[in-house]
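Single-structure report; data block below.
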Amino acid sequence: MTNRGYLLFFGCVLSANVLGLALWWALFPRPGGESIPASLDPVPAVDFWDITGSSGLSFVHKNGARGDKLLPETMAGGGAFLDFDGDGLQDIFLVQSGPWQDSKSGQARMGGCSLWRNLGEGTFAEVKDAAGANLVGFFGMGVAVGDVDNDGWPDLAVSGLGGVRLLRNVPREQGRGFAETDTGLPYSPLPDLPYAEFVRHSQAIPFATSLTFIDFDLDGRLDLAWGEYLTWSPAMDIAADARLSGTGLKAYAPPTAFPGARVQLWRNEGNSTFRDFGTGGGLVVRESRDDRSGGVLVGKTLGILALDVDEDGWPDLLASNDMARNFLFHNQPGPDGKRHFTEKGLDTGFAYAEGSPRAGMGMDEAQIGPGLRAVVVVNYAGEPDTLYEIGSQKGNMRLVDRARAWGIGLASRDPLKFGALFLDLDLDGRQDLFTTSGHLEPDIKRVRPEQTLAQSAQAFWNAGEGTYVPWDRKAMGMDYFTPMVGRGSATADLDGNGRPGLMLFANDGAPHLLWAEPSRNHWIRLTVKGDGVRVNTDAQGAVVFVDAAGRVSRHRVGGGKSYLSQSEIPLTIGLGNARQVDRVRVRFPGKDIKEQVWTNLGVDQSFLLKMK
């Protein structure tokens, strides 16, 4: 949600400085210099259909909007795929937000999160009381999945207003469930006030967004990182008094109406307790407006990604910011011998695309060509996706925006993008790109007739030879492009048979669950496990190389990505027409751990790769 975008689409006038930015945007040239490939034959047909209704899912996200246009209402929702009960099938956790609580009723009114058990064959059943993970009374945003205590069962970290809550996976009378314990993570409930008083509340409320698990110090325990979007309070939001241009209608305020915030990192101390990595670890970014000030927080983080950019064995952190420069936190040894982060967004090229900040939302990373990795950041309406190629040589931290060269610049410009995923939709062995979209202003059509609140998802086929081609309705099926107010997105193989599934999370609406027709291409499914001592049991941070039919593909076992969302942790890898996997190499995260190798694996099968 860039300041430029708000001014262009909403005409929100907050100050003379903002008026100056509006004039600058009006004079700034539109992106150009790119031609979208009409077609590279054959563009494959991958038929997805919406199984939400037949699946049994009946969840509806609520954003709590009452007309005051409080910014958190626009940002959710998210969710996760996880196998919470250990039956080998990916279940679904859905994060709930509103309605806003109102203590006149004597209790919190906000709805609870929802957990759905995978019954197989594309059907799900709601788990009563979400097996203890319902979090009633919590204005939730996003979720990450990780085994924080290395007991072999996935736990949940859920972000929202007030901070982050950790839910441990524990035995219950009937199977597995979740329990919230005191972990040390920061969380405070919303003020217990009637709504009319709540909107006048001026004390800042933590605004936690996307999360990811990361073993930043390689001690075998998963630490937790997340973004804080803004320094926010209801009173600050009301005082912004943003209006739709020429209408006088109340609008959602732009991020420039609020002070910045910081990226949080909390170290796993063992026994399911966490300690703040602190303000001295290099994750607090301030910029001075004059020589006398100590600087203000500039982070406005919506997306976060754990990624070893320079391949030195230590995971770094990337943060996409809304109308502020993006951050790349390089994980380095500090003077005390412990790990420390140095912000290198400006040095590496990750800070800006085309020289100015965009509205960074969701992120993901993948190998998009032979030996070539890239990070995608999706942005506001009127701004194209940013596709950062990462230097191929080890130790190279240079990131260069190549969205236009790859064919996704102009094609991705118009929608308001939130979710971002690399995944192999047609199982041909190349990583395609998928994004979810949806506007945040219900009345946007009154000032921009070409824009709508509900928008279609976008998909780009990786055609090889450095080119992405937009998929159309004929090739993907009409269900794939059904307009919705999209936010997060996640992917999983719903039945373990190599068929991609997609969950598109909605703001103030029902999610869409899509499932693909079986592919003629081959695949392999890999579940990688650490020993729970040197390496976390999920093996999050591991890098997997798959050698098949003369090609080597690279895959990362990762935590939270996209936007507010978590895809399944096992890897489903497309193989094209390869009939055997010659070799799988796993580079586990950890100190002095040798690469481990498995050979001669069959295709169209699932394998458990346990650390030796």
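Given the residues Gly501, Gly477, Gly530, Gly464, which is the only one that is in contact with a Ser or Thr (Cβ under 6 Å, 6 or more places away or on another chain) and among the small types (Gly, Ala, Ser)?
Working: Gly501 fails: in contact with a Ser or Thr (Cβ under 6 Å, 6 or more places away or on another chain); Gly477 fails: in contact with a Ser or Thr (Cβ under 6 Å, 6 or more places away or on another chain); Gly464 fails: in contact with a Ser or Thr (Cβ under 6 Å, 6 or more places away or on another chain).
Matching residue, one of Gly501, Gly477, Gly530, Gly464: Gly530.
Considering only residues of segment 197-222 that are closer than 27 Å to Asp155 by Cβ and open to solvent by 30 Å² or more (accessible area, probe 1.4 Å), which is nearest to the chain's Cα centre (by Cα)? Quick ask: steps written out before the conclusion?
Taking segment 197-222 as the starting set, the residues that turn out to be closer than 27 Å to Asp155 by Cβ are 205-222.
Checking the rest, the ones that are also open to solvent by 30 Å² or more (accessible area, probe 1.4 Å) come to 206, 219, 221.
On the way: Pro206: 19, Asp219: 25, Arg221: 22 Å.
This residue is Pro206.
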Let me confirm something: among Arg430, Arg448, Arg402, Arg473, which residue is within 30 Å of Glu343 (Cβ to Cβ) and of a type outside the set (Ser, Thr, Tyr)?
Arg402
Report yes if Ser288 is open to solvent by 50 Å² or more (accessible area, probe 1.4 Å), modelled with pLDDT under 95 and more than 21 Å from Phe139 (Cα to Cα), otherwise no.
yes
So how many residues does segment 44-78 have that are in contact with a Gly (Cβ under 8 Å, 6 or more places away or on another chain) and at positive phi?
1
With the structure loaded, tell me whether Ala225 is crowded, with 17+ Cβ neighbours inside 10 Å, modelled with pLDDT of 95 or more and touching a strand residue (DSSP E or B) at 6+ places or on another chain (Cβ under 6 Å) or whether it fails that test.
yes
Across segment 362-378, which residue is most open to solvent (accessible area, probe 1.4 Å) among those that are closer than 21 Å to Thr491 by Cβ and not hydrophobic (A, V, I, L, M, F, W, C)?
Gln367
In segment 562-606, anything closer than 24 Å to Gly88 by Cβ and of a type in the set (Val, Ile, Thr) is listed as Ile569, Thr572, Ile573, Val581, Val584, Val586, Val603
Filter result for Asp102 (at pLDDT below 95, surrounded by 15 or more Cβ atoms within 10 Å (Cβ to Cβ) and not basic (Lys, Arg)):
yes
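Quick one: is Asp531 open to solvent by 20 Å² or more (accessible area, probe 1.4 Å), acidic (Asp, Glu) and farther than 25 Å from Leu218 by Cβ? Show your work before the answer.
Details: open to solvent by 20 Å² or more (accessible area, probe 1.4 Å): yes; acidic (Asp, Glu): yes; farther than 25 Å from Leu218 by Cβ: no.
Judged against the criteria, Asp531 is not a match.
To keep it simple, each residue is scored yes or no on (1) outside any loop (DSSP other than H, G, I, E, B); (2) over 24 Å from the mean Cα position of the chain (by Cα); (3) surrounded by fewer than 20 Cβ atoms within 10 Å (Cβ to Cβ).
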position	(1), (2), (3)
Val43	no, yes, yes
Ser54	yes, yes, yes
His61	no, no, no
Gly67	no, yes, yes
Thr74	yes, no, no
Phe81	yes, no, no
Phe84	no, no, no
Asp87	no, yes, yes
Ser97	no, no, no
Candidates Asp604, Asp582, Asp538 - the one that is farther than 30 Å from Pro99 by Cα, open to solvent by less than 40 Å² (accessible area, probe 1.4 Å) and of a type in the set (Asp, Glu):
Asp538
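If we keep just the residues of segment 155-179 that are of a type in the set (D, E, K, R) and modelled with pLDDT under 95, which is least open to solvent (accessible area, probe 1.4 Å)? Reasoning before the result, please.
At the first step, the residues of segment 155-179 found to be of a type in the set (D, E, K, R) are 155, 165, 168, 172-173, 176.
When the remaining residues are screened for being modelled with pLDDT under 95, the result is 172-173.
Numbers: Arg172: 103, Glu173: 189 Å².
Applying the filter and picking the extreme gives Arg172.
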When the residues of segment 261-272 are narrowed to those that are modelled with pLDDT under 95 and either buried (at least 22 other Cβ atoms within 10 Å of the Cβ) or among the polar types (S, T, N, Q) (or both), which ends up farthest from Phe327 (Cα to Cα)?
Asn271
Would you tally the residues in segment 544-579 being buried (at least 19 other Cβ atoms within 10 Å of the Cβ), under 29 Å from Asp155 (Cα atoms) and touching a residue at least 40 places away in the same chain (Cβ under 8 Å)?
20
Residue pairs meeting the criteria (Cβ under 7 Å; at least 6 apart or on separate chains; first of a type in the set (Phe, Trp, Tyr), in segment 187-205; second open to solvent by less than 40 Å² (accessible area, probe 1.4 Å) and outside any loop (DSSP other than H, G, I, E, B))
Tyr187/Gly163; Tyr187/Val164; Tyr187/Arg165; Tyr195/Asp102; Phe198/Pro234
Selection over segment 432-454 where residues are open to solvent by 30 Å² or more (accessible area, probe 1.4 Å) and either closer than 13 Å to Met484 by Cα or of a type in the set (S, T, N, Q) (or both) yields a count of 4
For residues that are over 17 Å from Gly559 (Cβ atoms) and either of a type in the set (Phe, Trp, Tyr) or at pLDDT 95 or above (or both), scanning just segment 136-151, find the one that is surrounded by the fewest Cβ atoms within 10 Å (Cβ to Cβ).
Asp151
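Please verify whether Phe138 is in a strand (DSSP E or B) and among the aromatic types (Phe, Trp, Tyr), treating the condition exactly as stated. Show your work before the answer.
Values: in a strand (DSSP E or B): no; among the aromatic types (Phe, Trp, Tyr): yes.
No; evaluated as a whole, the condition is false for this residue.
So which of Phe545, Phe505 is closer than 23 Å to Pro370 by Cα and assigned to a strand (DSSP E or B)?
Details: Phe505 fails: closer than 23 Å to Pro370 by Cα.
Every option except Phe545 fails the conditions.
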Determine whether Asp308 is within 30 Å of Ala463 (Cβ to Cβ) and either in contact (Cβ under 8 Å) with a residue 60 or more places away in the chain or surrounded by fewer than 24 Cβ atoms within 10 Å (Cβ to Cβ) (or both).
yes
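Within segment 235-244, restricting attention to residues that are open to solvent by less than 10 Å² (accessible area, probe 1.4 Å) and touching a Pro at 6+ places or on another chain (Cβ under 9 Å), which residue is modelled with the highest pLDDT?
Going residue by residue through segment 235-244, those that are open to solvent by less than 10 Å² (accessible area, probe 1.4 Å) are 237, 242, 244.
Cutting the leftovers down to touching a Pro at 6+ places or on another chain (Cβ under 9 Å) gives us 237, 242.
On the way: Asp237: 97, Ala242: 92.
Only one residue tops the list, namely Asp237.
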Sort out which residues of segment 245-257 are modelled with pLDDT of 90 or more and either more than 18 Å from Gly227 (Cβ to Cβ) or open to solvent by less than 10 Å² (accessible area, probe 1.4 Å) (or both), and write them in order of number.
Leu249, Lys250, Ala251, Tyr252, Ala253, Pro254, Pro255, Ala257
Are any of the residues in segment 344-361 surrounded by 18 or more Cβ atoms within 10 Å (Cβ to Cβ), modelled with pLDDT of 95 or more and farther than 26 Å from Val296 by Cβ?
no
Can you name the number of the only condition in (1) in contact with a strand residue (DSSP E or B) (Cβ under 8 Å, 6 or more places away or on another chain); (2) open to solvent by 10 Å² or more (accessible area, probe 1.4 Å); (3) at pLDDT below 95 that Asn326 fails?
(3)
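List the strands (runs of 3 or more DSSP E) that sit entirely inside segment 356-421 and contain at least 3 residues that are closer than 22 Å to Gly558 by Cβ.
Values: elements: 363-369, 372-377, 386-390, 399-401.
Of the strands (runs of 3 or more DSSP E) lying wholly inside segment 356-421, those with at least 3 residues that are closer than 22 Å to Gly558 by Cβ span 363-369, 372-377, 386-390.
I want to confirm something. Restricting to segment 589-601 and keeping residues that are part of a loop (DSSP other than H, G, I, E, B) and free of Cβ contacts under 8 Å to residues at least 60 places away in the same chain, which single residue is least open to solvent (accessible area, probe 1.4 Å)? Before the answer, list the steps.
Going residue by residue through segment 589-601, those that are part of a loop (DSSP other than H, G, I, E, B) are 589-595.
Narrowing the set further to residues that are free of Cβ contacts under 8 Å to residues at least 60 places away in the same chain leaves 592-595.
Working: Asp592: 156, Ile593: 32, Lys594: 170, Glu595: 77 Å².
Here the answer is Ile593.
The values are calculated or read from the model by the stated rules, or taken from the named source; none is laboratory data. Quick caveat: nothing in here was measured; it's all calculated off a predicted structure. Positions of Cβ are generated from backbone atoms using ideal geometry, with glycine treated the same way; all protein chains shown enter the neighbour counts. Just so you know, the surface numbers come from the protein's heavy atoms only, side chains and all, with ligands and any DNA or RNA stripped out. Shrake-Rupley method; radii C 1.70, N 1.55, O 1.52, S 1.80 Å.
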